[in-house]
Amino acid sequence: MTRTRSNRSDARNRRSLSAERSPQPGAEEELQVIRERYIGVEKKKRPPRRLNERKFVFDWATTEDTSQEYNDLYQQRMQPTLFGRGHVGGIDPRAQEKERRKFFQSDSHLDDFSDGDRPVAAAATADAKLLDPRARPGRKPRWDDRRWSEKELSEMQERDWRIFKEDFNISTKGGRIPNPIRHWKESSLPAPILDIIHQVGYLEPTPIQRQAIPIGLQNRDIIGIAETGSGKTASFLIPMLVYISGLPPITAENMANGPYALILAPTRELAQQIEHETIKFCQPLGYHCVSLVGGHAMEEQSFNLRNGAAIIIATPGRLKDLLDRRILVLTQCAYVVMDEADRMIDMGFEPDVNYILDALPVSNKKPDTVAGDMDNELDGDEEHDQAMLVDGPTTGPLTRYRQTTMFSATMPTAVERLAQKYLRRPAVVTIGTAGQAVETVEQRVEMINDETRKRQRLLDILRRGIEPPIIVFVNQKKIADSLTRFIRAEGYPVTTLHGGKSQDQREASLTQLKDGTMEILVATDVAGRGIDVKDVSLVVNFDMAKNIEDYTHRIGRTGRAGKSGVAITFLANSDADVMFDLKQMIAKSSISRLPPELANHEAAQAQKGNFKNI
Ligand SMILES: Nc1ncnc2c1ncn2[C@@H]1O[C@H](COP(=O)(O)OP(=O)(O)OP(=O)(O)O)[C@@H](O)[C@H]1O
């Protein structure tokens with residue numbers, strides 16, 4: 001009994017003693033959590049069990065070792081102490097950053113190095129860099145995602161120019177192409193020329209002008225391919241005027257040496273139209289330009305040349321005659337434009353063109369350092385592309401290399417021959433796809449084989465009261481005359497234009513169409529190229545053109561300078577040769593519908609000369 005009582009009191013004493021020694025409940029766990037947070041969790045590793053030693057497996061951890069440690073050092077292990085503001089080792093990075101900033105913001109640190117160890121200015125720049133968060137190493141620059149239109153010219157990057165060219169469908173070939181023009185005011189054109197551009201009402205450059213003008217200003221040869229009515233004339237005219245503006249005026253002393261620049265065009269009408277456009281720019285600048293085309297008396301033309309001319313616009317046949325007769329020389333001509341060069345070749349003018357180009361001075365011809373095919377020439381020696389000046393004379397028009405340019409809406413391979421012979425490493429500028437019809441023209445095709453039905457259908461179309469002017473294309477002069485009579489008999493004001501008419505009649509017809517006296521023009525391909533009659537609403541191919549290039553130019557008489565237009569083509573089985581190309585062209589036009597009669601026509605299934613079922 002006594003023993004039981006004493007046992008109980010012992011137990012009570014032990015409980016009160018242990019309550020005195022043990023810490024607050026939960027304190028040990030809290031300490032453990034903090035330890036784990038800073039020192040890491042102490043993982044109890046079990047030794048790997050060796051399965052092949054089955055008999056003696058000691059499955060215990062080192063912490064379970066209760067054997068006595070005799071070394072004092074290990075007997076009194078130190079626990080890591082937590083201090084500071086709860087950071088590891090008391091290190092507070094934020095406080096350190098604050099200190100560092102304070103140090104750099106004061107000038108005291110500069111004094112430390114002002115003994116010549118480190119130049120003060122360089123040190124200040126380096127410190128500013130350190131303070132600038134954007135300059136910290138490893139920090140990526142923020143992506144500038146503004147569009148080119150929101151940027152200043154100086155901010156334009158390589159990528160912006162690429163997007164700009166894509167936006168305007170500009171593609172280029174040949175090394176070192178200068179950047180295109182975004183706005184007239186940003187171009188490097190002289191102020192008097194910018195004033196004229198403003199006066200003629202060209203608010204913004206057209207795509208071909210954007211790219212061809214800066215290249216032209218570099219004295220570089222150019223092949224420019226852009227759709228009909230896209231302003232190609234101004235794109236060769238403007239650099240030409242800049243070139244002439246740097247030369248002495250044409251006076252009695254130098255006029256016998258001929259013009260400074262020459263523009264060749266395949267047809268009289270086109271030459272006269274280029275003259276018209278050229279005069280707009282030349283007159284305010286005080287330059288004289290003369291057009292020399294067939295159909296006018298040579299005496300009259302030599303009379304026009306009596307005061308000399310800075311620019312001559314000519315058809316190849318007439319110019320060759322004048323050169324032959326020594327009425328004109330080209331001794332100081334260093335700028336040549338071949339407008340619609342492909343048509344000149346088609347019309348058999350290649351020998352005349354060669355004759356004329358061979359009559360130009362040779363002392364300022366660009367050296368032909370790269371032989372071989374055109375692609376080689378294009379990518380080849382670029383040194384001369386930049387060279388503006390010829391070694392030799394230091395004044396006058398022949399101090400610069402001759403510049404030769406070609407422009408057209410279509411550039412078939414035949415033109416490459418001419419280009420290879422006379423152009424040196426040309427820059428090739430293509431707007432859209434070469435030879436493609438203008439996107440603003442809706443192309444319609446109607447399969448009609450019978451001549452009487454064609455006439456009837458034409459009348460049906462005219463009776464719809466379509467807004468004039470209207471141009472009807474035929475393939476033969478006699479059909480042009482008979483169709484004109486037929487339409488006139490129906491009471492429409494109609495005129496005609498073809499190679500069988502006198503020059504005066506041709507010019508009168510065009511003027512009547514332009515001034516609205518006549519509503520309809522029946523023409524052959526003489527009017528197919530370059531003729532710029534404002535607001536032609538409809539082109540009818542009463543006869544389909546013999547090739548797709550002529551078709552492209554014909555329908556390009558409408559839908560000019562961004563306006564819209566319609567082209568209706570009467571297609572007959574006899575036009576089989578051109579059906580495949582026509583089908584491709586219409587299929588590419590987003591606003592035109594390909595009729596099933598053409599799409600499924602046997603002749604439209606394969607290119608002429610390719611056999612479908614080989
Ligand atoms: N930057 C411009 N802004 C507005 N109109 C322009 C601009 N450049 C040219 N034009 C006008 O566009 C029309 C077509 O120009 P142009 O005759 O030079 O075209 P083109 O490309 O030579 O056509 P084609 O291939 O049929 O000969 C003209 O009436 C011209 O005055």
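The values are calculated or read from the model by the stated rules, or taken from the named source; none is laboratory data. Predicted model only: the values in this text are computed from it and were never measured. Cβ sites come from the backbone with ideal geometry, for glycine too, and all protein chains shown count toward neighbours. These accessible areas exclude ligands, DNA and RNA; they are computed on the full protein's heavy atoms, side chains included. Shrake-Rupley method; radii C 1.70, N 1.55, O 1.52, S 1.80 Å.
What to note about this one:
- Being in the same structural domain as residue 342 (by TED's automatic domain parsing) and surrounded by fewer than 18 Cβ atoms within 10 Å (Cβ to Cβ) holds for only one residue in 503, 420, and it is 420.
- Number of the condition not met by residue 188 [criteria: (1) more than 13 Å from the ligand (Cβ to nearest atom); (2) assigned to a helix (DSSP H, G or I); (3) not basic (Lys, Arg)]: (2)
- Residue 249 being surrounded by fewer than 21 Cβ atoms within 10 Å (Cβ to Cβ) and within 16 Å of the ligand (Cβ to nearest atom): no
- Selection status of residue 591, β-branched (Val, Ile, Thr), in a loop (DSSP other than H, G, I, E, B) and either touching a Pro at 6+ places or on another chain (Cβ under 9 Å) or surrounded by fewer than 14 Cβ atoms within 10 Å (Cβ to Cβ) (or both): yes
- Condition met for residue 235 (under 30 Å from residue 349 (Cβ atoms), part of a helix (DSSP H, G or I) and near the ligand (Cβ under 10 Å from one of its atoms)): yes
- Scan segment 525-562 for residues that are more than 10 Å from the ligand (Cβ to nearest atom), farther than 15 Å from residue 476 by Cα and of a type in the set (Gly, Ala, Ser) and the total you get is 2.
- Hits in segment 257-284 - residues which are part of a helix (DSSP H, G or I), out of contact with any strand residue (DSSP E or B) (no Cβ under 8 Å at 6 or more places or on another chain) and open to solvent by less than 10 Å² (accessible area, probe 1.4 Å): 281
- Unique residue being on the phi > 0 side of the Ramachandran plot, modelled with pLDDT under 90 and open to solvent by 10 Å² or more (accessible area, probe 1.4 Å) when the list is 306, 326: 326
- Search result, residues across segment 466-498 that are open to solvent by less than 40 Å² (accessible area, probe 1.4 Å) and under 40 Å from the mean Cα position of the chain (by Cα): 469, 470, 471, 472, 473, 474, 496, 497, 498
- Some residue of segment 238-256 being under 22 Å from residue 533 (Cβ atoms) and in a loop (DSSP other than H, G, I, E, B): no
- The residues on offer are 579, 544, and the sole one that is touching a strand residue (DSSP E or B) at 6+ places or on another chain (Cβ under 9 Å), under 21 Å from residue 486 (Cα atoms), modelled with pLDDT of 90 or more and of a type in the set (A, V, I, L, M) is 544.
- Among the residues of segment 442-480, those that are within 22 Å of residue 527 (Cβ to Cβ) and of a type in the set (A, V, I, L, M) comprise 445, 458, 459, 461, 462, 466, 470, 471, 472, 474, 479, 480.
- Tallying residues that are under 24 Å from residue 531 (Cα atoms), in contact (Cβ under 8 Å) with a residue 40 or more places away in the chain and assigned to a helix (DSSP H, G or I) within segment 555-588 yields 7.
- Selection from segment 192-216 of residues that are more than 11 Å from the ligand (Cβ to nearest atom) and closer than 20 Å to residue 176 by Cβ: 211, 214, 215, 216
- Search result, residues across segment 202-232 that are among the aliphatic types (A, V, I, L, M), in a helix (DSSP H, G or I) and closer than 23 Å to residue 531 by Cα: 208, 212, 213
- Test: residue in segment 296-303 that is modelled with pLDDT of 90 or more, away from the ligand (no atom under 16 Å from the Cβ), open to solvent by less than 10 Å² (accessible area, probe 1.4 Å) and within 29 Å of residue 500 (Cβ to Cβ): no
- Failed item in (1) modelled with pLDDT of 90 or more; (2) open to solvent by less than 40 Å² (accessible area, probe 1.4 Å); (3) in a loop (DSSP other than H, G, I, E, B), with residue 370 passing the rest: (1)
- As a summary of the residue check, residue 171 satisfies the conditions (1) assigned by TED's automatic domain parsing to the domain that holds residue 286; (2) part of a helix (DSSP H, G or I); (3) more than 28 Å from residue 244 (Cβ to Cβ) except for the one numbered (2).
- Among (1) farther than 30 Å from residue 406 by Cβ; (2) surrounded by 22 or more Cβ atoms within 10 Å (Cβ to Cβ), the one test that residue 516 misses: (2)
- Verdict on residue 527 being closer than 19 Å to residue 563 by Cβ and open to solvent by less than 20 Å² (accessible area, probe 1.4 Å): yes
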